[in-house]
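To start, the structure under review is shown below, and the notes come after it.
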Amino acid sequence: MTARALISVPKTAMRGEIVEIRAMTAHPMETGYRTGLNGTNIPRNIIRRFACTYDGEEVFSADLFPAISANPFIAFTLIATTSGTIEFVWTDDDGKTQTASADITVT
């Protein structure tokens, strides 16, 4: 997947603080129900799965379906427990992945 990901992760947090994580990736999320100019169906190509890990442990995941809009935006919260890396992975119908990551320092 050759998409662009935008993520928002606080640079620092206090231990035990609830922080908001936001992630968006550019993707057309083609449902497979539309037809092209030549009358043939445009093949389905959606992001099927989004997963987020925090310091190597999965903390959030979602299975996505054709009703999700293009350039899906996902927001969720987690509890800051330790300094580490928050990694994001989007996987589409073709098995292609887009990844992004950010570090958070917990004091």
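Measure out, as a whole number of angstrom, how far apart the alpha-carbon centroids of segment 69-107 and segment 24-48 sit.
The two parts, judged by their Cα centres, are 24 Å apart.
Please sort 17-25, 93-101 by packing, taking for each peptide the average over its residues of neighbouring beta carbons within 10 angstrom, highest first.
The densest-packed peptide leads the list: 17-25, 93-101.
At 0.36 nm per residue, minus the direct Cα-Cα distance, what do residue 14 and residue 97 gain on full extension? Give it in nm, one decimal, please.
Separation in residues times 0.36 nm, less the Cα-Cα distance, equals 26.7 nm.
Using only the Cα atoms of segment 7-61, build the gyration tensor, take square roots of its eigenvalues as a ≥ b ≥ c, and label the shape rounded, prolate or oblate: rounded if a/c is under 1.5, else prolate if a/b is larger than b/c, else oblate.
In terms of gyration-tensor shape, prolate.
Work out the FRET efficiency for residue 105 and residue 65 from their Cβ-Cβ distance, taking R0 = 35 Å, and round it to the nearest 0.05.
So, using R0 = 35 Å, E works out to roughly 0.45.
Give me the percent of Cα-Cα pairs in the chain that sit more than 21 Å apart, rounded to a whole number. Write down the numbers at each step before the final one.
Numbers: 2258 of 5671 pairs.
Everything past 21 Å amounts to 40 percent.
Read-outs: derived from the displayed coordinates by stated rules, not from any lab. All values reported here derive from a predicted model rather than from experimental measurement. Note that each Cβ is placed from the backbone with ideal geometry, even for glycine, and that neighbours are counted across all protein chains shown.
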